[in-house]
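The values are calculated or read from the model by the stated rules, or taken from the named source; none is laboratory data. Being a predicted model, the structure only gives us computed values, none of them experimental. Cβ sites come from the backbone with ideal geometry, for glycine too, and all protein chains shown count toward neighbours.
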Amino acid sequence: MNILKPAFVLVTLVIIWQLIIILSDVPPYILPPPFSVIEAAVAHADIILVHATITFIEMVVGLVIGTLLGPSSALVLSYYRPARQWLMPILVISQAIPVFALAPILVLWLGYGMISKIAMAVLIIYFPVTAAFFDGLKNTNLGYLDLAHTMGASKSSTLAHIRVPAALPAFASGLRVATAMAPIGAIVGEWVGSSEGLGYLMLHANGRMQIDVMFAALLILALMAIILYYTVDAGLRRLLFWSPETKLNQL
Amino acid sequence: MKPDQNFSISIKADRLAFGAVFLFEHLDFTLKKNEWTCLLGPSGVGKTTLLRIVADLVPNIKNVIAKCSDNKPLNGRTSYMAQDDLLLPWLSVLDNVLLGYKLRSKQGDRSKALNLLQMVGLSSNIDDLPDKLSGGMRQRVALVRTIMENRPVVLMDEPFSSLDAITRVRMQDIAADLLGDRTVLLITHDPMEALRLGDRIHILSGRPVKFITPIIPEGTRPRSITDTQLLKEQASLLTRLSNASTLDLG
């Protein structure tokens, strides 16, 4: 991966940020200069680290649970026609409810701790992963299935050796979307009700007009999200070394 | 170890419609043991449907009767090679060749697979993924996979039609060499291919198709492309097929 080009864009953005401050004379409690954000991040490193760890655990655990739940439901949906007929409409309708609107209810039911935030992340991740994998399982090349049939393959071995591997590229795109969305779930959960995590820290700093701390928390959150995304992406790339999509998506 | 193939298969149906399309009338032909039977016809005539029915790939077709002369079912004694090579992109060449064993949870005969891959000139590609191979190489892998199934009857659906002319002729030679003693049903729209490889050639044209007496070319397969008799017959077959399809269009 060529790191120079994105780094160049990043530096340009920071320069524009600084220029806006110089040219427009915005007070630092509206937009703090980049340098004081970094200063705040260093000065409050211990507190930010504590809260970042909490948020990171929520994101990762939510992602893992969602990634396990999604494919298993997709398998059930594609395998049992009744499950598809009864559950698929519910699954689709459930997406009409904005997950954010559920946050207060989840906090009410599951408490102020990490569980309600993990539940939020899982809820957000579940649908893209399930839908993508289900789609992949449904769209197996019919030729492969013909071939397996003439080779005398059982239903379960066709699933294990043909349909699941063939659906993995679709699953991977779903998981990429989910990974990008996982932080949203955790942060929204923390905004609605919590006493720890970066979302909490941002609200707290906002209330005390520590805008530089708020920006520092945001910076760390963005960093974590990026690291998470590229880790998952690299893992998927390694797993799906054979997929033409992997080669197309090469950065 | 050769499969037991001491039987012929007669395939019969009074009429065969697929959806609203009336495909065949008085369908009646025989796959004689150890012979190559070709069904030659233009695209869209229903050849593939017929082959898929014989391969037990079309559910709920009751009126086509495939009867083996040894009174055992045909099901489970055929292997199938499609127009598309159907290599699984995530498996190496060797694993693709051994796919049938894996699907049946059996130990594959690796040395036989390696041997066959060597015979088709792919011994240096056994660990490659299919997308590294050319079309002709992929089709050779598919051919080896078909042979590895070790079934007495081989059903081939235009397996070489996507290849360029030179590769196609080479593939026909390889197939004739490796599958020479099997009972083969080969579908093709290429008169040259039918004449090179067929022991009996049924011409499928019109709608519905009526089966008439098959053409039995002289000599042994694979017949040489320079054979003047073959070239003459190819011309006459082309004329027959194009006349029939003009009528069809009218």
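Just checking, does segment A:157-178 include any residue being hydroxyl-bearing (Ser, Thr, Tyr) and within 14 Å of another protein chain (Cβ to nearest Cβ)?
The first filter runs over segment A:157-178 and keeps only residues hydroxyl-bearing (Ser, Thr, Tyr), leaving A:157-158, A:173.
If we keep only those that are within 14 Å of another protein chain (Cβ to nearest Cβ) too, we end up with A:157-158.
Yes: one or more hits.
Kindly establish whether B:LEU143 is surrounded by 17 or more Cβ atoms within 10 Å (Cβ to Cβ), part of a helix (DSSP H, G or I), on the phi < 0 side of the Ramachandran plot and away from chain A (no Cβ under 14 Å). Write out each step before concluding.
Working: surrounded by 17 or more Cβ atoms within 10 Å (Cβ to Cβ): yes; part of a helix (DSSP H, G or I): yes; on the phi < 0 side of the Ramachandran plot: yes; away from chain A (no Cβ under 14 Å): no.
Judged against the criteria, B:LEU143 is not a match.
Only residues that are surrounded by fewer than 13 Cβ atoms within 10 Å (Cβ to Cβ), under 23 Å from the mean Cα position of the chain (by Cα) and either farther than 24 Å from B:ALA176 by Cβ or at pLDDT below 85 (or both): list them for segment B:227-250, please.
Of everything in segment B:227-250, just one residue is surrounded by fewer than 13 Cβ atoms within 10 Å (Cβ to Cβ), under 23 Å from the mean Cα position of the chain (by Cα) and either farther than 24 Å from B:ALA176 by Cβ or at pLDDT below 85 (or both), namely B:SER242.
What is the one condition in (1) within 30 Å of B:LEU88 (Cα to Cα); (2) in contact with a helix residue (DSSP H, G or I) (Cβ under 6 Å, 6 or more places away or on another chain); (3) away from every other protein chain (no Cβ under 14 Å) that A:THR246 does not satisfy?
If we test A:THR246 against (1) within 30 Å of B:LEU88 (Cα to Cα); (2) in contact with a helix residue (DSSP H, G or I) (Cβ under 6 Å, 6 or more places away or on another chain); (3) away from every other protein chain (no Cβ under 14 Å), just (3) comes out false.
Has segment A:202-221 got any residue that is closer than 18 Å to A:THR67 by Cβ, hydrophobic (A, V, I, L, M, F, W, C) and touching a helix residue (DSSP H, G or I) at 6+ places or on another chain (Cβ under 9 Å)? Walk me through how you get there before you give the answer.
Just the residues of segment A:202-221 that are closer than 18 Å to A:THR67 by Cβ, to begin with: none.
No, segment A:202-221 contains no residue that is closer than 18 Å to A:THR67 by Cβ, hydrophobic (A, V, I, L, M, F, W, C) and touching a helix residue (DSSP H, G or I) at 6+ places or on another chain (Cβ under 9 Å).
Could you please find all residues in segment B:149-163 being surrounded by fewer than 18 Cβ atoms within 10 Å (Cβ to Cβ) and either in contact with a helix residue (DSSP H, G or I) (Cβ under 7 Å, 6 or more places away or on another chain) or free of Cβ contacts under 8 Å to residues at least 12 places away in the same chain (or both)? Walk me through how you get there before you give the answer.
First pass over segment B:149-163, keeping only residues surrounded by fewer than 18 Cβ atoms within 10 Å (Cβ to Cβ): B:150, B:161-162.
The answer is B:SER162, and nothing else.
Kindly indicate whether B:TYR80 is closer than 23 Å to B:THR183 by Cα, modelled with pLDDT of 90 or more and assigned to a helix (DSSP H, G or I). Spell out how you get there, then give the answer.
Working: closer than 23 Å to B:THR183 by Cα: yes; modelled with pLDDT of 90 or more: yes; assigned to a helix (DSSP H, G or I): no.
No: the conditions fail for B:TYR80.
Kindly indicate whether any position in segment A:230-240 is more than 14 Å from every other protein chain (Cβ to nearest Cβ), in contact (Cβ under 8 Å) with a residue 24 or more places away in the chain and outside any helix (DSSP H, G or I).
No, segment A:230-240 has no match at all.
Read through the list (1) within 14 Å of another protein chain (Cβ to nearest Cβ); (2) outside any helix (DSSP H, G or I); (3) not acidic (Asp, Glu), then give the number of the only condition that B:PHE160 fails.
Of everything listed in (1) within 14 Å of another protein chain (Cβ to nearest Cβ); (2) outside any helix (DSSP H, G or I); (3) not acidic (Asp, Glu), B:PHE160 misses just condition (1).
Taking segment A:139-163, which residues are within 16 Å of B:LEU91 (Cα to Cα), touching a strand residue (DSSP E or B) at 6+ places or on another chain (Cβ under 9 Å) and outside any helix (DSSP H, G or I)?
none
Condition (residue is closer than 26 Å to B:LYS132 by Cα and surrounded by 20 or more Cβ atoms within 10 Å (Cβ to Cβ)) applied to segment A:224-239: is it met by at least one residue? First the steps, then the outcome.
At the first step, the residues of segment A:224-239 found to be closer than 26 Å to B:LYS132 by Cα are A:233-239.
Of the ones still in play, those that are also surrounded by 20 or more Cβ atoms within 10 Å (Cβ to Cβ) are A:236.
Yes, segment A:224-239 has at least one match.
Among (1) within 14 Å of chain A (Cβ to nearest Cβ); (2) under 26 Å from B:ASN6 (Cα atoms); (3) exposed (fewer than 14 other Cβ atoms within 10 Å of the Cβ), there is one condition B:PRO59 misses while meeting the rest; what is its number?
Of the numbered conditions (1) within 14 Å of chain A (Cβ to nearest Cβ); (2) under 26 Å from B:ASN6 (Cα atoms); (3) exposed (fewer than 14 other Cβ atoms within 10 Å of the Cβ), the odd one out for B:PRO59 is (2).
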